[in-house]
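Inspection log for the structure reproduced underneath, given as structure tokens.
The values are calculated or read from the model by the stated rules, or taken from the named source; none is laboratory data. All figures in this text were calculated on a predicted structure; none of them were measured in a lab. FYI the Cβ positions are ideal-geometry reconstructions off the backbone, even for glycines, and counts take in every protein chain you see. Accessible surface is based on the protein model in full, side chains and every heavy atom, while ligands, DNA and RNA are left aside. Shrake-Rupley method; radii C 1.70, N 1.55, O 1.52, S 1.80 Å.
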Amino acid sequence: MLRDCILARAEREELDPPLSQLRLLDACIDTALRLAVSPFTFTTAERKRAEAEQREHFFQLSPDLLCIAGTDGYFKRVNENFVHLFGWSETEFYRRPFLEFVHPDDREASEEELQRLSEGRSTLRFENRFRHRDGHYRWLAWTSRPVPKHGLIYTSARDITEEKAAAEERERLLKALRDSEARFRNMADHAPVMLWVTNVKGVTTYLSRSWFALTGQEEATGLGFGWLDAIHPEDREGMRQIFLEANARHQPFRLDYRLRARDGVYHWAADTGSPRFDAEGRFLGYIGSVVDISDRKQEEEEREALLARESAARHEAEEANQLKDEFLATVSHELRTPLTAILGWVQLLRTGHLPESRRERALETMERNARAQGQLIEDLLDVSRIMSGKLKLDVEPVDLSIVVQQALDSVRPAADARGISVQATVDTSSSVMGDARRLQQVVWNLISNAVKFTPKKGRVRLVVERRESFVELTVADTGQGISSAFLPHVFERFRQADSGSTRKTGGLGLGLSIVRHIVEMHGGTVTGASEGEGRGATFTVRLPLSVVQPRDGLTRPSPRLPPAPVPERVHPAELHGVRVLVVDDEEDARELLRTLLEDSGARVLTAGSAEEGLQALRAEQPDVLVSDIGMPGTDGYGFIERVRALSPEQGGRIPAVAITAYARSEDRTRVLRAGFQSHVPKPVEPVELLAVLASLAGRFETPPKS
């Protein structure tokens, strides 16, 4: 066929090869054909011999353990692997029944297997232990096919000792794991805390029985992310986010949240989770515990409440102590200030050197200060009566319009002096049951407060009107107002928004507390309101209406002052030519000191504030400085500090005397440390003050030695 194909191709292409080439082609094809068929020309005997050699070669070199056994129980052939694995020689294998090599515990099963094979039934897998020459046993897995007519069994075996050991180890580990898991579940189910386990995705795969007992959930509803349904709705989303973020970072966490119990009551729980890792460091999930901390939370809340109460009580005590100190200093100041003016003018009057015009002014000043001091004392007595429960009311029908009119009459001169407009609208049919004198005290306090805290040219409006079964009295002003921080304390005793030595208004801070107590004793209420500092204030009193008409003629007895003791006559020091600068915000006090010093021959300059005092000091260069401590704006301490900051040429070293109603020992120490050379408490003794000034001015002569 190949020859014909080549000749046909040559003819198509019109080739004419030489005859020698055609002969050579024929010879090559014939030779190749002979060589190709020569392997298939073996004799039958040779072929059988070759096949036998190949079978033997396969039998000996197979990686499996191959053998041929007889149904009589003896090996007929074993391959080299069989001999090598067990250390027995072929002769020893052939000489003994193969059951002698089987482990005693496996012989019965092996005999049954031999019987099945003898009956012609093949075996895909049979396992037993075969003995090594050194005495140890190895596990074999047999696959067998019998040929009953020849009495032979063709068998291959595989050594599975390592597999058996691994399987046994795996089974041991699984058993240990099952035992550990059983112990864990038993421990978890009886633990006083609730335990949980999650996988790498954060899905809960285990919850202890105590979780289900508390929450009422079941495994079908609690596992996965179902446990979140038992958490309080306000805590749920935050808890979920924190848990998933920790799971993504493989970090431990602790959370407190509210957990719903079976009865619907929420319990506080502390949930702590720790990440799990395998030996290679791969993240496996979390294991955690949930503890009911409701009792602890309640204790913490009670402790915090107790601490808050203790802190508030301590703050209250500290504040009360501070208020006490401030009140005592204020009482000292408020009582000594009018007393200074009174005693000073009295001593000047006793000298007999005052002209008629000054005597009249002295009497007016003394009366005004005496009345102010009397009112302060009356307020203190009222507070004492209130605190001891001894404040009594003389109850009778009272025409409130008359009470208001009398209070207005007593306050109007002070208002007119400052140019303050006081307007009143009064319902004359308003009648209440009460104590007329105490009600007049209420109205007077409210109106005088409004006048005191209203700047010049301001307005105060008073309205009395009936509202249903009440009489409502409202006092509104355009004054400095009340800060929102101080407004809740405005009716407390001894509380003043401005209680330092720089305060701009006097008083003890008792008026409004007395007002509230008197109003409440009459069955009424009093409230204060203000839109803030600089925006005025409004006080409203509500008293129940009376169905009885009031009596006529309301009177209030005037207090009688005891006669003052006659002071001993002392000759004052001479201050002729001494220039004295007096700085005091109280006009009466300035006038008293001016008169006292001028009568002693001094040249007196006065200033109503620290700023005016500094200007006068720079301009006049006085010899001695006299300054009050309690002044608005910059007090005496700030004033002397600014004086001492001046150069000596400007008056920075001028001798200075402090006059103050703050007369405690610590006040004296503070005065001297501030830069004053002397401290003179109020009420000022003229002789003492003149002696101090003469000493500072160097006017005392050394007495001759006897």
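Suppose we keep only residues that are surrounded by fewer than 10 Cβ atoms within 10 Å (Cβ to Cβ) and within 30 Å of E80 (Cα to Cα) within segment 1-46. Which one would you say is modelled with the lowest pLDDT?
The residue in question is T44.
Give me a count of the residues in segment 645-661 that are open to solvent by 10 Å² or more (accessible area, probe 1.4 Å) and outside any loop (DSSP other than H, G, I, E, B).
Summing the residues that are open to solvent by 10 Å² or more (accessible area, probe 1.4 Å) and outside any loop (DSSP other than H, G, I, E, B) in segment 645-661 gives 3.
Can you tell me which residue is least open to solvent (accessible area, probe 1.4 Å) among those in segment 403-414 that are over 22 Å from L543 (Cα atoms) and of a type in the set (A, V, I, L, M, F, W, C)?
Ranking the candidates gives V411 first.
Under the condition of being within 55 Å of the chain's Cα centre (by Cα) and among the polar types (S, T, N, Q), which residue from segment 617-649 is nearest to G698 (Cα to Cα)?
That would be S627.
Each row is one residue, and each column tells you yes or no for (1) in contact with a Cys (Cβ under 8 Å, 6 or more places away or on another chain); (2) open to solvent by 60 Å² or more (accessible area, probe 1.4 Å); (3) at pLDDT 90 or above; (4) within 26 Å of W345 (Cβ to Cβ).
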site	(1), (2), (3), (4)
E641	no, yes, yes, no
A663	no, no, no, yes
V680	no, no, no, yes
A697	no, no, no, yes
E701	no, yes, no, no
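I'd like to verify a number: residues in segment 225-267 that are of a type in the set (F, W, Y) and closer than 17 Å to T204 by Cα, how many?
4
Condition check: free of Cβ contacts under 8 Å to residues at least 40 places away in the same chain and in a strand (DSSP E or B). Does D271 satisfy that?
yes
Residue pairs, Cβ under 7 Å, 6 or more apart or interchain, first in segment 441-465 and within 30 Å of K392 (Cβ to Cβ) and of a type in the set (F, W, Y), second assigned to a helix (DSSP H, G or I) and open to solvent by less than 70 Å² (accessible area, probe 1.4 Å). List them.
Listed by first residue and then by second, the contacts come to W444/A407; W444/S410; W444/V411.
Is it the case that G509 is assigned to a loop (DSSP other than H, G, I, E, B) and at pLDDT 85 or above?
When the stated conditions are applied, G509 does not pass them.
Name the single residue, out of those in segment 47-84 being in contact (Cβ under 8 Å) with a residue 40 or more places away in the chain and open to solvent by 40 Å² or more (accessible area, probe 1.4 Å), that is farthest from K149 (Cα to Cα).
D64
Is there any pair with a first residue in segment 277-291 that is closer than 22 Å to G224 by Cα and a second that is buried (at least 18 other Cβ atoms within 10 Å of the Cβ) and acidic (D, E) whose Cβ atoms are under 6 Å apart and which are 6 or more apart or on different chains, and what are they?
Note: pairs meeting the criteria are V290/D271.
Residue check, R133 against (1) more than 30 Å from H250 (Cβ to Cβ); (2) touching a residue at least 60 places away in the same chain (Cβ under 8 Å); (3) not hydrophobic (A, V, I, L, M, F, W, C), all met but one. Which one?
Single failed check for R133: (2).
Any idea which of (1) touching a Gly at 6+ places or on another chain (Cβ under 6 Å); (2) loosely packed, with under 13 Cβ neighbours inside 10 Å; (3) assigned to a strand (DSSP E or B) is the one R125 doesn't satisfy?
The failed condition is (1).
Within segment 471-486, can you find the residues that are touching a Gly at 6+ places or on another chain (Cβ under 8 Å) and buried (at least 17 other Cβ atoms within 10 Å of the Cβ)?
Listed by number, the residues that qualify are A476, D477, T478, G479, Q480, G481, I482.
I need the full set of residues from segment 601-617 which are surrounded by fewer than 21 Cβ atoms within 10 Å (Cβ to Cβ) and closer than 18 Å to S695 by Cα, in order please.
Of everything in segment 601-617, those that are surrounded by fewer than 21 Cβ atoms within 10 Å (Cβ to Cβ) and closer than 18 Å to S695 by Cα turn out to be G601, R603, V604.
Could you grab the pairs with beta carbons closer than 9 Å, sequence gap of 6+ or different chains, first residue in segment 521-541 and more than 15 Å from V443 (Cβ to Cβ), second one among the charged types (D, E, K, R) and open to solvent by 30 Å² or more (accessible area, probe 1.4 Å)?
Sorted first by the residue in segment 521-541, then by its partner, the pairs are T525/R516; T525/R542; T527/R542; G536/R459; A537/E531.
Considering (1) touching a residue at least 60 places away in the same chain (Cβ under 8 Å); (2) part of a helix (DSSP H, G or I); (3) not acidic (D, E), say which one Y154 fails and leave the rest.
(2)
Within segment 415-436, take every residue that is part of a helix (DSSP H, G or I) and crowded, with 18+ Cβ neighbours inside 10 Å and give me the one that is farthest from the chain's Cα centre (by Cα).
A436
Could you identify the single residue in L177, L214 that is outside any strand (DSSP E or B) and closer than 30 Å to G264 by Cα?
That would be L214, the only listed residue that is outside any strand (DSSP E or B) and closer than 30 Å to G264 by Cα.
So for segment 230-241 (the condition being out of contact with any Cys (no Cβ under 6 Å at 6 or more places or on another chain), touching a residue at least 12 places away in the same chain (Cβ under 8 Å), surrounded by fewer than 16 Cβ atoms within 10 Å (Cβ to Cβ) and in a loop (DSSP other than H, G, I, E, B)), does at least one residue qualify?
yes
Looking at (1) assigned to a loop (DSSP other than H, G, I, E, B); (2) open to solvent by 60 Å² or more (accessible area, probe 1.4 Å), which is the one condition that is false for F676?
Here F676 clears every test but (2).
Has segment 618-625 got any residue that is buried (at least 16 other Cβ atoms within 10 Å of the Cβ), out of contact with any strand residue (DSSP E or B) (no Cβ under 7 Å at 6 or more places or on another chain) and of a type outside the set (K, R)?
There is no residue in segment 618-625 that is buried (at least 16 other Cβ atoms within 10 Å of the Cβ), out of contact with any strand residue (DSSP E or B) (no Cβ under 7 Å at 6 or more places or on another chain) and of a type outside the set (K, R).
In segment 241-276, which residue that is of a type in the set (D, E, K, R) and in contact with a Ser or Thr (Cβ under 7 Å, 6 or more places away or on another chain) is farthest from A230 (Cα to Cα)?
Step by step, filter segment 241-276, then rank; the result is R254.
For segment 153-186, give me each residue that is open to solvent by 40 Å² or more (accessible area, probe 1.4 Å), at pLDDT 85 or above and either closer than 19 Å to D72 by Cα or among the charged types (D, E, K, R) (or both).
Y154, R158, D159, E162, E163, K164, E168, E169, R170, E171, R172, K175
When the residues of segment 130-152 are filtered to those that are touching a helix residue (DSSP H, G or I) at 6+ places or on another chain (Cβ under 7 Å) and among the hydrophobic types (A, V, I, L, M, F, W, C), which remaining residue is least open to solvent (accessible area, probe 1.4 Å)?
Among residues in segment 130-152 that are touching a helix residue (DSSP H, G or I) at 6+ places or on another chain (Cβ under 7 Å) and among the hydrophobic types (A, V, I, L, M, F, W, C), the one least open to solvent (accessible area, probe 1.4 Å) is F130.
A quick yes/no check of all residues on (1) open to solvent by 20 Å² or more (accessible area, probe 1.4 Å); (2) in contact with a Lys or Arg (Cβ under 8 Å, 6 or more places away or on another chain):
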position	(1), (2)
V265	yes, no
G285	no, yes
G288	no, no
D292	yes, no
R296	yes, no
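For segment 365-402, give me the residue count where each residue is in contact with a Lys or Arg (Cβ under 9 Å, 6 or more places away or on another chain), open to solvent by 30 Å² or more (accessible area, probe 1.4 Å) and either hydroxyl-bearing (S, T, Y) or at pLDDT below 75 (or both).
4
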